[in-house]
Amino acid sequence: MHDSSHHDEPLTMVEPGKNDPTASITWIVTAISVGLLITIVLLSDAFFHSTVVGESNRKKFDYVNPELRKIQTEQKQLLMETRVLDEATGRVSMPIDAAIEKLVAEQK
């Protein structure tokens, strides 16, 4: 039986420096690696920052103060009802749709 872990050929030593990469190749690979790492970090930071800003803006503008909402509702109600503003001059406030209908009816 032949043992596959046993080699018949003698081991030879590699001469130091013979198969080692040159210093210039090592520096080029290092520079490219550092450049890629910096690019990835900057892109990740930009993505994170844009996400945080977008989320912050969404939270700021989605929330409506209850007092402001109440005032807006009251103003909308005022705009949708007909009322006399000044009896002496005949000034009234009415919804725009009603005003247009009244003007068209008066023109006929």
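We did not get these values from a lab; they are worked out from the coordinates using the rules stated. Predicted model, so just to flag it, every value in this text is computed and none were measured. Cβ: placed from backbone, ideal geometry, glycine included. Neighbour counts: every protein chain shown.
With each pseudo-label sitting 7 Å past Cα toward Cβ, what's the residue 34-residue 82 distance in nm, one decimal?
8.0
Evaluate the distance, in nm, between pseudo-label points positioned 7 Å from the Cα of residue 65 and of residue 99 along their respective Cα→Cβ axes.
With each label placed 7 Å out from Cα toward Cβ, I get 2.9 nm.
Under a cut-off of 18 Å between alpha-carbon atoms, report the aspartates and glutamates in cross-link reach of residue 76, not counting same-chain residues fewer than 8 places apart.
Within the straight-line limit of under 18 Å, residue 76 reaches these aspartates and glutamates: 67, 97.
Which of the aspartates and glutamates could a cross-linker bridge to residue 102, judged by Cα under 18 Å and excluding same-chain residues fewer than eight apart?
The qualifying aspartates and glutamates are 81.
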